[in-house]
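The values are calculated or read from the model by the stated rules, or taken from the named source; none is laboratory data. These figures come from a predicted structure and were not determined experimentally. As a convention, Cβ positions derive from the backbone with ideal geometry for all residues, glycine included, and neighbour counts pool all protein chains shown. Surface accessibility is based on the protein's heavy atoms, side chains included, excluding ligands, DNA and RNA. Shrake-Rupley method; radii C 1.70, N 1.55, O 1.52, S 1.80 Å.
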Amino acid sequence: LVRALEGRPGIIAHGVDLDGDTLARARRDIAARGLGDRVTLHAGDAGEFTADQRFDLVLCVGAAHAFGGLLPTLEAVRHHLAPGGTALIGDGFWEREPDRGTLDVGFTADDFADLGTTVDRIAAEGWTPVYGHISTTEEWDEYEWSWTGSLSRWALDHPTDPDSGKALAAAAEHRAGWLHGYRRTLGFVTLVLRRTPDDLR
């Protein structure tokens, strides 16, 4: 959201998150970048968020779970999007059929579809992809190492904190699930979408 604002002085934005600590950090970062008068952050469930206006751009990258999956996310986006607006949606897809290691991590085969089926489902809901980016294995790896590493570093730097052991264990559990489970199986695609006019569907 912040990157979308930087270099575009005429834009204002709204963001929604459940976690108060995340919002507090975001507000500090936004203020430090001089964008505090252009961003309003809302504490709450994104699936229940309402606004008085519609938006020219709606972003939902890696947060479709907040709406119950990809198709419910698209329906929520439709209600927030101004006529002629654009959506930037990022979600998972199966690079290959999930094996036992992937399913043992906690996924089900129905959680995602292959890339072609995923795009077909989006198009069937009245959206036209005008651009897309498939995250590379290297990008996925950087993401996974970064967040598990950040959590691990915090735990090691705060050994007397009562949550330190839990944090270290959570990072190790996730890292093992990624490396021994869904790596190279779960992919991620980010799509730029516009509504397809009814007379062109």
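With every protein chain kept in place and ligands, DNA and RNA left out, what is the accessible area per residue of the chain? Probe 1.4 Å, answer in Å².
Result: 61 Å² of accessible area for each residue.
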Under-5 Å amide H pairs with VAL61, H placed in peptide plane, nonlocal only: GLY90
ASP21 paired with ALA170, simple spin-label distance in nm, labels 7 Å along Cα-to-beta-carbon: 0.7 nm
Gaussian network model of the chain, springs between alpha carbon atoms under 10 Å - residue of ALA31, ALA13, ALA82 with greatest fluctuation: ALA31
Cα centroid separation, the range 1-34 to the range 64-82 (Å): 21 Å
The range 162-201: proportion of alpha-carbon pairs further apart than 13 angstrom, %: 70 percent
Those residues of the range 144-178 whose amide nitrogen sits under 11 Å from the label point placed on ASP104, 7 Å along Cα→Cβ: 177
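Of all the accessible heavy-atom surface of the range 76-144, with the other protein chains kept in place and a 1.4 Å probe, what percent is carbon and sulfur?
Values: 1980 of 3850 Å².
The nonpolar share, carbon plus sulfur, comes to 51 percent.
Give the average over all directions of the projected area of the C-alpha convex hull of the range 49-164, one decimal, in nm².
Values: hull surface 41.1 nm².
Computed as one quarter of the Cα hull surface, the answer is 10.3 nm².
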Cut-off 20 Å, label 7 Å out along Cα→Cβ of THR137, residues of the range 164-201 by amide N: 175-190
Derived scalar couplings ³J(HN,Hα) [the range 2-9; Karplus, 6.51 cos²θ - 1.76 cosθ + 1.60; whole Hz; x for Gly, Pro]: 5, 4, 5, 7, 5, x, 10, x
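Would you calculate a helix-derived [θ] at 222 nm for the chain, using -39,500 (n - 2.57) for each DSSP H run of n ≥ 4 and dividing by the full residue count, to the nearest 500? Before the final figure, lay out the partial values.
Values: 7 runs with 78 residues, N = 201.
Counting only the DSSP helices, I get -12000 deg cm²/dmol.
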Cα-centre dipole for the range 45-195 with unit charges at Cβ (Lys and Arg positive, Asp and Glu negative), debye to 20: 260 debye
Gained length - HIS14 relative to TRP145, 0.36 nm times residue gap less alpha-carbon distance: 44.2 nm
Distance between modelled label sites at ASP114 and ARG153, nm, 7 Å Cα→Cβ extension: 4.0 nm
Label-to-label distance, nm, for residues given as ASP56 and ARG121 (7 Å Cα→Cβ offset): 3.2 nm
Which of LEU70, LEU57, GLY92, positive extreme of dipole for the range 45-195 (C-beta unit charges): LEU57
